[in-house]
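Student: Got a structure for you, written out below as structure tokens; questions coming shortly.
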Amino acid sequence: MGGHRQREVGKRYTASAIPDIATLKTCLRMGVAGGYTPSALIQLAHTLSYATLAEGGSVLVAGAAGGHWADLALQAIELPIQRHNLTVQGNGVALIGVGARHGYALVAVPIEPLERNPDLQLHDAHWSYAPEDLLTIGEVFNGAIPMLQRVALLRLQPLPTNVLLQIAQQALNFAARQHVTLALANRVLQERLRNHEEQTRMIVHDMRAPLHTLLISLKALQRQTFDANMHNELLDVARHYVLSLTETLLDSARLETSSWALQLHPTNLVTLIKTVCEPFCHVSHPDQPQVKVELPAELPLVMVDHHLIERVITNLVSNAIKFTPSGGQVTVTAGLTNDGHSVEIRVSDTGQGIPPEARDRIFDRFYQVNANDRRRGTGLGLYFCRLAVEAHGGSIALESEVGRGSTFSVQLPMQ
């Protein structure tokens, strides 16, 4: 017990015929019944204990050595009471408070849990402060209840009206708070459900077109005659495309639900950026802009998930190349900022820029500035970048001017 004036009597009392927890519920004919969460049971146990045991007494705990919620409730009660443990059959817990003049009984049997978390498990609870109900429970336990408490059960009186009103008021106040909590939780769950439904629809919609195109291309590949090397190269491109799309979808979902465990390691960002940008710099194609990398000789090591940040940089550079016309330029820079407390990576392009009305949504899931643009992707790249950067405690921002280009900047904290 939590209070310094409480003590637990060491011996566990056992009757010759051990009662069943379900039998105890049937004893409370003059009480109240309903479905309660553990937090509601704890609150109810507090209310009943302070209303009936203020002058001292005992709490008989039957079943599961107190159980999860019952132990928490009794630990927080600062009253001069003793605790006695009783044995019952079945799954559930009963608290029987016996005071100098008043008492109560609270019996709770867990309903099949909706989740594994015991804090969310509902209980079929019955409670009463009627002396007749407590006497009936005393008869069920027979000799298992210590003599002192058996005598006290015979002297119990009904609670006075003012105490009953106090219990009712506290119950109503708690019910109101629970109602507000449940309403807010329901709103959050409804929003999550809508988001998941929207995500499913958008995934189906956005994957249909690229997968259909890929299927047509693979069928055409079957009809064409290529040498073995070209055939394998085209298949590798198709495989990489599908894997990349699927990986981005799954990783975004894991980052969104905070179920991604970051693998943080000291990372040389100069080396990482050069490694990512080198293939783009060496590609010579008339339709592709020039990629320029401007980095300091060195930067302090940064604790990041190498895999995630590499994909962030790759996404930003490939996006800049995709939307920058031939003859344009993509520039990648990095340096310390915020008085050395963070490092900033900037990817700038000389493309068409992003209109003001699209800038606030550019990092949203599935958002695309121009749905009719043939260069459009899945609308997940920048969304993934935002989730990955924010998972590191960093931020990602956009500066853009229509007709002049855009700059995406990533700031990562120096940990």
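The values are calculated or read from the model by the stated rules, or taken from the named source; none is laboratory data. Values in this document were obtained by computation on a predicted structure and should not be read as measured data. When we count neighbours, we look across all protein chains shown, and the Cβ atoms used for this are built from the backbone with ideal geometry, even at glycine. All accessible areas refer to the heavy atoms of the entire protein, side chains included, with ligands and DNA or RNA removed. Shrake-Rupley method; radii C 1.70, N 1.55, O 1.52, S 1.80 Å.
Student: In whole Å, what three semi-axes, largest first, describe the equivalent ellipsoid of the range 264-413 built from its Cα gyration tensor (square root of 5 times each eigenvalue)?
Tutor: Each semi-axis is √(5λ); the values are 24, 18, 14 Å.
Student: What's the FRET efficiency of residue 75 with residue 264 using the Cβ-Cβ distance as r and R₀ = 35 Å, to the nearest 0.05?
Tutor: E(calc), rounded to 0.05, equals 0.40.
Student: Using packing as a proxy for protection, rank 148-155, 189-196, 129-136 so that the peptide with the highest average count of other Cβ atoms within 10 Å comes first.
Tutor: Peptide ranking by packing, descending: 129-136, 148-155, 189-196.
Student: Tell me, what ³J(HN,Hα) does each residue in the range 343-350 have, in order and in whole Hz, if you take phi through Karplus 6.51 cos²θ - 1.76 cosθ + 1.60 with θ = phi - 60° and put x for Gly and Pro?
Tutor: Those phi angles translate into 10, 10, 10, 10, 10, 10, 9, 10 Hz.
Student: Taking H placed 1.01 Å from N in the peptide plane, check which residues at least 5 places from residue 299 or on another chain put their amide H under 5 Å from its amide H.
Tutor: 270
Student: Given a 1.4 Å probe and every protein chain left where it sits, what share in percent of the accessible area of the range 264-413 is carbon and sulfur?
Tutor: 47 percent
Student: Mind listing the phi-derived Karplus ³J(HN,Hα) values for the range 45-53, rounded to whole Hz, using 6.51, -1.76 and 1.60 with θ = phi - 60°, and x for any glycine or proline?
Tutor: My calculation for the range 45-53 gives 4, 4, 4, 5, 5, 6, 7, 10, 10 Hz in order.
Student: So, one more: Under a point spin-label approximation (7 Å from Cα along Cα-to-Cβ), what is the residue 219-residue 91 distance to one decimal in nm?
Tutor: Once both label points are built, they end up 5.4 nm from each other.
Student: Could I ask something else about it? Please list, in order along the range 183-194, the HN-Hα scalar couplings obtained from phi with the Karplus expression 6.51 cos²θ - 1.76 cosθ + 1.60 (θ = phi - 60°), rounded to whole Hz, x for Gly and Pro.
Tutor: 5, 5, 5, 5, 5, 5, 5, 4, 5, 5, 4, 4
Student: Starting from the Cα-Cα distance between residue 147 and residue 174, subtract it from 0.36 nm times their residue separation and give me the gain in nm to one decimal.
Tutor: Taking 0.36 nm per residue and subtracting the Cα distance, the gain is 6.1 nm.
Student: Ok, one more. Considering amide H positions built from the backbone, and no H for Pro or chain starts, which residues 5 or more places from residue 330, or on another chain, come under 5 Å of its amide H?
Tutor: Those qualifying (amide H under 5 Å, at least 5 residues apart or on another chain) are 290, 291, 292.
Student: Can you give me the long-range amide H partners of residue 83? Hydrogens built in the peptide plane at 1.01 Å from N, cutoff under 5 Å, separation of 5 or more residues or another chain.
Tutor: 7, 8, 9, 59
Student: Just order 180-188, 314-322 by mean Cβ neighbour count inside 10 Å, highest at the front, would you?
Tutor: In descending order of packing, they fall as 314-322, 180-188.
Student: Per residue, how much accessible area does the range 264-413 show when a 1.4 Å probe rolls over the protein heavy atoms, in square angstrom?
Tutor: 49 Å²
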